[in-house]
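> Handing you this structure, nothing more for now.
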Amino acid sequence: MNILVTGGTGFLGGYVLPLLADDSEIDKLLYTYRHQPCGESSSMRGLALDITNLENFKPHQAVLEEVTCLVHMASAVSHGRVALYQDISQNITENFSSLGNLLQFLPNLEKIVYISSGSAEIYKDDPTMYGVGKLLVEQVLQHIVRYHNVACTILRFPQLYGPGEPHGTFVSKFINSFLDGKAIQLMNDGTTVRDILYVKDAAASIVYAAKQAPSGVFMVSDPIKHTVGEIAVILQVITGADDACIVRVSSNNTGALGYHFTSDIDKLGYKLCYTVEQGLEETVRGWNNV
């Protein structure tokens, strides 16, 4: 199996690429990057390739023709709910041009693994540009599967966490506050439900999907749901923070129940390796060692 990974230089890619590189069933591993490569080995090679530009593909045509599996993690979509019209047009165009370019230069493709988001589902009625962009690409890929001989597994992830995660997530904010001895405020008394997934499980599910998962759309989330308050208490215990670091604030917010996803783990066939407690403990332990 020869695999091409897009978007592999980001947070999730830092966990996916090593797993793929160490897999004996994978003969050749390629990944694209725009600015800086993230390393090479006898089994892994980086391609300086802007996938939104068709001309950039031509120098790599020979090696791309050997690819049989595409792991498409790259995305060019604004995360804001409000975006300028030109931003919307550019982001949607880049997403579709990227996909079209890849399909044009991967003539021997047998399998696509597309990394989507729970946003594609939960924001149908309250859309963000991120969710809209993911959902549109999902629809195009399902059309390709229907009319072409290509298998496609779409994995939707909730918010990922782990060592090296972006510091704008609520998990990272909690950890930083607790380690600094600062208090956090939990709105709605901490009863809001939030789905989170440890990045190592996300990465392992991608490798699993590339090798053996069926075609379809799968929500990769923990069947056991946790509130923000429960997650905060777990992190408080792990970090050794004082009880006073958690401040619960009552609210009449109608969104108190939060949002959570129906897990498709069983249908996908992948078994999670980490509980939330185990994942958060590893995250705190490796927080300053990334």
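The values are calculated or read from the model by the stated rules, or taken from the named source; none is laboratory data. No experiment lies behind these values; they were computed from the predicted model shown. Methodologically, a virtual Cβ is constructed for each residue, glycine included, from the backbone with ideal geometry; neighbour enumeration extends over all protein chains shown.
> One residue is enough: does the range 201-215 have a residue meeting the conditions closer than 19 Å to THR283 by Cβ, buried (at least 16 other Cβ atoms within 10 Å of the Cβ) and among the aromatic types (Phe, Trp, Tyr)?
Taking every residue of the range 201-215 in turn, none turns out to be closer than 19 Å to THR283 by Cβ, buried (at least 16 other Cβ atoms within 10 Å of the Cβ) and among the aromatic types (Phe, Trp, Tyr).
> Of all residues in the range 159-205, count the ones that are on the phi < 0 side of the Ramachandran plot and not in a helix (DSSP H, G or I). Working first, answer last.
If we filter the range 159-205 for residues that are on the phi < 0 side of the Ramachandran plot, which is where we start, we get 159-161, 163, 165-180, 182-187, 191-205.
Within this subset, residues satisfying the condition of being not in a helix (DSSP H, G or I) are 159-161, 163, 165-169, 180, 182-187, 191-198.
Residues meeting the conditions: 24.
Residue-wise test of (1) within 19 Å of LEU12 (Cβ to Cβ); (2) of a type in the set (Val, Ile, Thr); (3) at pLDDT below 80; (4) assigned to a helix (DSSP H, G or I).
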position	(1), (2), (3), (4)
LEU47	yes, no, no, no
GLN61	no, no, no, yes
SER75	yes, no, yes, no
ASN101	no, no, no, yes
VAL132	no, yes, yes, yes
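> Of everything in the range 206-243 that's of a type outside the set (Val, Ile, Thr) and in a strand (DSSP E or B), which residue is nearest to PHE174 (Cα to Cα)?
Only one residue fits best here, namely HIS226.
> Which of the following residues is among the acidic types (Asp, Glu) and modelled with pLDDT under 95: ASP266, ASP201?
ASP266
> Hey, another quick one. Can you give me the number of residues within the range 141-163 that are modelled with pLDDT of 90 or more and either closer than 22 Å to VAL276 by Cα or surrounded by fewer than 13 Cβ atoms within 10 Å (Cβ to Cβ) (or both)?
Of the residues in that region, 9 qualify.
> Something else now. For LEU20, indicate whether it is buried (at least 21 other Cβ atoms within 10 Å of the Cβ) and of a type in the set (A, V, I, L, M).
Considered against the rule, which asks whether it is buried (at least 21 other Cβ atoms within 10 Å of the Cβ) and of a type in the set (A, V, I, L, M), LEU20 comes out as yes.
> Quickly run through the range 23-43 and pick out the residues that are at pLDDT 90 or above and surrounded by 15 or more Cβ atoms within 10 Å (Cβ to Cβ). Spell out the reasoning first.
So in the range 23-43, the residues at pLDDT 90 or above come out as 23-33.
Within the range 23-43, ASP23, ILE26, LYS28, LEU29, LEU30, TYR31, THR32, TYR33 meet the criteria.
> Which of the residues spanning the range 1-42 are in a strand (DSSP E or B) and without any contact (Cβ under 8 Å) to a residue 24 or more places away in the chain?
Looking only at the range 1-42, we keep the residues that are in a strand (DSSP E or B), and these are 2-6, 28-33, 41.
Selection gives SER41 alone.
> Give me the pairs: first residue in the range 173-190 and of a type in the set (Phe, Trp, Tyr), second residue assigned to a helix (DSSP H, G or I), beta-carbon distance under 7 Å, and six or more apart or on different chains, which are they?
PHE174/ALA232; PHE174/LEU235; PHE178/LEU235; PHE178/GLN236; PHE178/THR239; PHE178/CYS245
> Among (1) among the aromatic types (Phe, Trp, Tyr); (2) farther than 16 Å from LEU12 by Cβ; (3) surrounded by fewer than 20 Cβ atoms within 10 Å (Cβ to Cβ), there is one condition PHE178 misses while meeting the rest; what is its number?
Condition (3) is where PHE178 drops out.
> Could you pull out the residue among VAL237, VAL233, VAL228, VAL247 that is at pLDDT 90 or above and crowded, with 19+ Cβ neighbours inside 10 Å?
VAL228
> Just give me the residues in the range 131-182 being touching a strand residue (DSSP E or B) at 6+ places or on another chain (Cβ under 8 Å), farther than 19 Å from VAL228 by Cα and among the β-branched types (Val, Ile, Thr), in sequence order.
VAL137, ILE144, VAL145, VAL150, THR153, ILE154
> What are the residues in the range 1-59 that are closer than 18 Å to ALA74 by Cβ and of a type in the set (Val, Ile, Thr), if any?
ILE3, VAL5, THR6, THR9, VAL16, THR32, ILE51, THR52
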